[in-house]
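Q: Sharing a structure with you now.
All of the numbers you see were taken from the coordinates with simple rules; none came from a lab. Keep in mind that what you see is a predicted model, and the values were worked out from it rather than measured. FYI the Cβ positions are ideal-geometry reconstructions off the backbone, even for glycines, and counts take in every protein chain you see.
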Amino acid sequence: MISNYKYKPHYFFATTFIVTFLLWFFGAYISFYSENKGLYMMLMLPGLMAPFLISLVMILLSENKAIKRDFFNRLINPRLIQRKTLPILLLLMPLSVLFSIVLSLPFGGSLYQFQFAEGFSFSSGFVPVLLILLLAASFEELGWRGYAFDSLQSRYSYFTASLLFSILWSFWHFPLLFVNNSYQYEIFHENAWFAVNFFVSIIPMGIILSWICIKNRKSILAAILFHFIINISQEILDISQMTKCIETVVLAGVAAGIIYFDRNMFFSTEHLKPKRTTIRNLSNDSISTELGRA
C-alpha cells in the first residue's frame, strides 16, 4: 500500500463487477449453443482478465510513480518471497485436501479419493483446462493483489480488508453458475448445496491467500503461485463434493488459527495512520521497493 496515493476501492470493484458480469452472463447465454462454443470462451476470458486490466489501467493512469514502481516490483521480484513461508505456501492446500479425505472416511468417504482424477471436473471449450486454471490464478491475482486488496487495506484493518475482499471475491464468481459445463454449473445441478459450499469455501481461502501475500512482502508472484496450487489441489485427486464440504470446515479452521496466532497484525490499524516521510518511518511498500532494487 502506497501511503501517499488515494485508492478508489468503490470505483475498482464496481467497474470490475460490471465488466465481468456483462461478459460472463452473455457468455453463459451463448454457451448453450453448440455452434458458438468458441465465441463463448472469447467472452469468458476477457471477463476473467477484468480485475487485472482494470487494475492496470488505474495504476498506469495514476500520476503517482511510486504505485507503478511498487506494482512492477511485487510482480517481477522473486526475492520478496520469504523462504520460511515456502512450506506453507506449497503444502498447505495439498495437505488440507488429504486431511479432508481422511476425515471423510468415517462418514462413508471412499479410499478411491486418494487416487488421481481421470480428468478435470469441468470443460472449457477450446482452451485446455490446465491453462484456464493457470490463467485464472494469474489474471485474478494481478488485479486482486495489484490493486484491489491494497485499496481495501488503505481504509480498514488487515482482518476487515481480508474478510471483505474474500466475500467480494466469492460473489465475483456468481455468473459462472449459469455457464454451461463450468465447474460451478456442474456442481449446482448435482446439488445446490454443493454450489453454496463452493462460495462459502472461497471466504477462508481468501483470508489465507491474503495472509500468504502479506507474509511474502505483498509478492504478486507468491499470490499467483498459491492461487494456482489452490486450483490444482481441487482437481488432481478424485475427491467427492462431500469431502469438499469437509475441506471448507478444515480451511475455516486454518484461517481462524492464522488470525488468532497473527492477531496483532490482523487487527492492527497502524498502517492507517499518516506517516512522516522520514527514513525511520518508511512505509512497508517503500521498504519493499528498496529491497527489490538491492
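Q: May I ask you to sort T15, T269 by Cβ crowding, counting other Cβ atoms within 10 Å and putting the fewest first?
A: T269, T15
Q: What order, most packed first, do the peptides 106-116, 200-210, 241-251 have when packing is the mean number of other Cβ atoms within 10 Å of each residue?
A: 200-210, 241-251, 106-116
Q: Take each uninterrupted DSSP H stretch in the chain, measure its Cα extent along the helix axis, and return the ones at 27 Å or beyond whose mean Kyte-Doolittle hydropathy is at least 0.0. Intermediate values should be presented prior to the final figure.
A: Working: long enough: 9-30 (31 Å, 1.38); 37-60 (34 Å, 1.83); 86-104 (28 Å, 2.47); 192-215 (36 Å, 1.78); 241-261 (30 Å, 1.34).
Membrane-span-like by this rule: 9-30, 37-60, 86-104, 192-215, 241-261.
Q: With charges only on Cβ, +1 for K and R and -1 for D and E, what is the dipole size of the chain about its Cα centre, in debye, rounded to 20? Don't skip to the end; give the middle numbers.
A: Details: 22 positive and 16 negative charges, 333 e Å.
Roughly 1600 debye, rounded to the nearest 20.
Q: Among residues other than V200 whose Cβ falls under 12 Å from its Cβ, what is the net charge (Lys/Arg +1, Asp/Glu -1)? If you can, show how the numbers build up before the last one.
A: Working: positive: K244; negative: E247.
Spelling it out: positives minus negatives among the neighbours equals 0.
Q: Given R₀ = 22 Å, FRET efficiency for F107-H189 by Cβ-Cβ distance, to 0.05?
A: Working from the Cβ atoms, E equals 0.40.
Q: For segment 169-271, just say rounded, prolate or oblate: build the C-alpha gyration tensor, square-root its eigenvalues into a ≥ b ≥ c, call rounded for a/c under 1.5, and beyond that prolate if a/b exceeds b/c, oblate if not.
A: Prolate, because a/c is 1.5 or more and a/b exceeds b/c.
Q: Fully extended, how many nm does the chain gain between A14 and I76 (0.36 nm per residue separation, minus their Cα-Cα distance)?
A: Between A14 and I76, full extension yields 19.5 nm more.
Q: Take the Cα of S121, step 7 Å along the line toward its Cβ, and report every residue of segment 212-240 whose backbone nitrogen sits under 18 Å from that point.
A: Zone members listed by number: 227-240.
Q: Within the set of other residues whose C-beta is less than 14 Å from the C-beta of L176, count the net charge using Lys and Arg as +1 and Asp and Glu as -1.
A: Residues close to L176 contribute a combined charge of -2.
Q: If packing is taken as the average number of other Cβ atoms within 10 Å across a peptide's residues, how do 56-63, 227-234 rank, most packed first?
A: Going by the mean number of other Cβ atoms within 10 Å, highest first, we get 227-234, 56-63.
Q: Oh, and also: State the extension gain, in nm to one decimal, for the chain segment bounded by F267 and L135, taking 0.36 nm per residue of separation less the distance between their alpha-carbons.
A: Going from the current span to full extension adds 44.3 nm.
Q: Follow-up question, since we're still on this one. At 222 nm, what helix-only mean residue ellipticity would the chain give, in deg cm²/dmol to the nearest 500, using -39500 (n - 2.57) for each DSSP H run of four or more?
A: -21500 deg cm²/dmol
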